[in-house]
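Structure first, then comments.
The values are calculated or read from the model by the stated rules, or taken from the named source; none is laboratory data. Bear in mind the structure is a predicted one, so any value in this text is a computation, not a measurement. Positions of Cβ are generated from backbone atoms using ideal geometry, with glycine treated the same way; all protein chains shown enter the neighbour counts. Remember, those area values only see protein heavy atoms, side chains included, never the ligands or the DNA or RNA. Shrake-Rupley method; radii C 1.70, N 1.55, O 1.52, S 1.80 Å.
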Amino acid sequence: MLASLAAGFAIALAPQDPDKDARMKWWREARYGMFIHWGLYSIPGGEWNGQNYPGASEWLMTTAKIKPADYEKLQPQFNPVKFNAHDWVKLAKDAGMKYIVITSKHHDGFAMWPSKEGTWNIGNTPFKRDVLKELAEECKKQDMKLCFYHSIMDWHHPDYLPRREWDDRDASKADFVKYVATMKAQLKELLSGEYGDIGILWFDGEWEGTWTHERGKDLYAFVRSLQPNIIVNNRVDKGRGGMGGFSDAEFAGDYGTPEQEIPGNGLPGVDWESCMTMNNSWGFHKNDHDWKSAQTILTNLIDCASKGGNYLLNVGPSPEGLIPQPSQERLLEVGKWLKANGEAIYGSQAGPFVKPLPWGRVTQKPGKLYLMVFDKKASRIDLPGLKANIRKVYSLQGTKKEIIPVANSDRGASLTVPPSTENVPVYVMEVDGKVSVEVPPISPDNNGSLNLAAIDANTTGHAQYEGGDKQAIGFWTNAKDTVSWDVSPSTDGTYNVTIDYACPNEDAGSTFTVASGEAKVSGTVVGTGSWSTFQAVSLGQLSLKGGRQKLTVSVSNMPHGAVMNLRLIKLTKKS
Ligand code: H79
């Protein structure tokens, strides 16, 4: 699927905060956390008046256009008698997760602790218990960081603005300043120390017009003043830039929060965490049985780690207080892998490869590379352009730590790996000194032609390689994104240029140029029928000088949500 939202691309530099490295240390090492969406919306579980509302169940108040007075009828029904904080924290622990982020308040404004502000909170349900307090105590016992998700947007508070169009409460006396005061008073309760040291304040719902950069900066400072070591995500302020979740030095917030996606090449120089659901809803959804496989979850976690990011994986407990069985099974399966291979994830850093490799992913620690193989059929693992003094390579799994044969040359390294029954086999490469990757440029084939395949491209922004049946650059959703190749024709020459791509007719029309220095050829994307119907078309001629250079595809105009899926550019030498 193509994300159609534009993301901001400002360069994120660490703001003036000398303590940031110390404050972020646990978070950077953790790599894996549990998101918990739990609230009144868990009761209807995506159904209202007999109708099913697919997708995010915590959005039901909006998707089913429920008036606050009707939604309030859920409060006396909240009685999750099977809730057991010990079991939840133990599950996160067994899953290999290092922190829990639970909804203290979601967009429906309902406080999941007995707040002193008003009555719209768990203290006024039949259950009465303070679930956040019980979790705080268990987290302390089981050495788990507790964090709160807190929505700025609030569909219930009478002073919150803007009013939903189906909410007929009089808005003329609503006072947003009063709303902010209530929110701060509630946050003060959460950060008073009663719940211990909170790891992260995970804000959300910051995108409405009433929330401003000034309010964001102020809220960030407020939260840090109550708990100086707390980490605050970028949604406290206005610097998020779409679902891609890039942060920017101009805005408050300690890290970026891509939602339901993993950035193609990571976000170099920025701390980030991808949050994701296991099915298609954050809150419990009765009718959503569309679970990601454990293998997908595991490879997502590894993908994040290999790009220097965290993975925050969601569960939506039931109205009885139980984490759904399918979620538990998947969590424990990934947890089993982490128990054996966690060394490759926890405390690791982004691997040295700028682009994801076709067979899997790589993380690193001083003196070690961890090669995690997604393609179980692979018998040869190539590390193109790797420059390292390799001491030895061995399998992380099993007691034997089997030594793996490795061939190393100035073009990179290559391993011959045995068949494996592991979900994701891991090989440890011990190295002396510095590791770097220098990918050689693409050189001409026997006919003097240059084949620029998607897998060899360098991409910026959202644009990224998609394998599977596409084998193309996809997610090219921002006109600023570029796709380029380092090429090295041996002599000056003229080429016929063809481009192999796919684009639905309704998304066609983008214009682009393929250029190296002054030499360029332009084209317009003509519809091919779908994102997976590939077609080769001629763009005309291009004359290149011999020698190493960069050939870049850039977009001059993108009338719709995306440019194209680009599979191959072929430069055929004219004789
Ligand atoms: O809590 C879960 C969801 O309920 C919540 N975030 C996760 C962690 C969520 N809120 N909204 N959405 C998910 C989808 C809404 C996206 C949009 Fe937008 C809001 C589209 C336009 C406004 C994102 C924010 C893109 C631009 C601003």
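Miscellaneous remarks
- Relative intensity of the range 511-575 on a log10 scale, I(q)/I(0) at q = 0.25, 0.27, 0.28 Å⁻¹, equals -1.28, -1.41, -1.48, per a Debye sum over C-alpha point scatterers of equal strength in the absence of solvent.
- Magnitude of the charge dipole, the chain, Cβ model with Lys/Arg +1 and Asp/Glu -1, debye to 20: 1360
- Short-range pairs are left out: with C-alpha atoms under 8 Å and at least six residues apart, the relative contact order of the chain is 12 percent.
- You can think of it this way: the chain between R391 and K140 has 86.2 nm of extra reach, that is 0.36 nm per residue less the Cα-Cα gap.
- On a per residue basis, the range 395-438 carries 57 Å² of accessible surface, using protein heavy atoms and a 1.4 Å probe.
- Protein accessible area in the chain, 1.4 Å probe - carbon and sulfur %: 50
- The length gained by stretching the chain between H560 and D19 to full extension, at 0.36 nm per residue less their Cα-Cα distance, is 190.5 nm.
- Size of charge dipole - the range 196-351 - debye, nearest 20, with Cβ of Lys, Arg +1 and Asp, Glu -1, no other charges: 240
- Coarse-grained scattering of the range 447-575 at q = 0.09 Å⁻¹, given as base-10 log I(q)/I(0) from a Debye sum over alpha-carbon atoms: -0.22
- Most positive-pole-ward Cα, L383, G398, P440, against dipole of the range 383-466 from beta carbon charges: G398
- The solvent-accessible area of Y346, taken with every protein chain present and a 1.4 Å probe, is close to 50 Å².
- In angstrom, the C-alpha Rg and Dmax of the chain are 25.7, 83.
- Considering only the chain, percent of DSSP beta bridges that pair antiparallel, nearest 5: 70
- The listed residues W48, W272, W207 rank as W207, W48, W272 when sorted by accessible area, largest first, using a 1.4 Å probe.
- The chain: angle of helix 131-141 to the longest principal axis, Cα-based, in degrees nearest 10: 60
- Excluding ligands, DNA and RNA, the accessible surface per residue across the range 103-160 is 34 Å² with a 1.4 Å probe.
- Helix 85-94 vs. the chain, principal-axis angle (Cα, 0 to 90°, nearest 10): 10
- Only the Cβ atoms of Lys and Arg (+1) and of Asp and Glu (-1) were treated as charged; on that basis the dipole of the range 72-137 about its Cα centre amounts to roughly 80 debye.
- Summed over the residues of the range 465-526 and divided among them, the accessible surface reaches 40 Å² per residue at a probe radius of 1.4 Å.
- Gyration tensor verdict on the range 239-344 (Cα atoms; rounded if a/c is under 1.5, prolate if a/b is larger than b/c, oblate otherwise): oblate
- In Å², nearest 10: area of H106 left accessible to a 1.4 Å probe: 10
- Only one residue of L357, W166, A294 has its Cα farthest out toward the positive end of the dipole of the chain, where Lys and Arg carry +1 and Asp and Glu -1 on Cβ, and that residue is L357.
- For the set E438, E47, the ranking by accessible area, highest first and with no ligand, DNA or RNA atoms included, is E438, E47 under a 1.4 Å probe.
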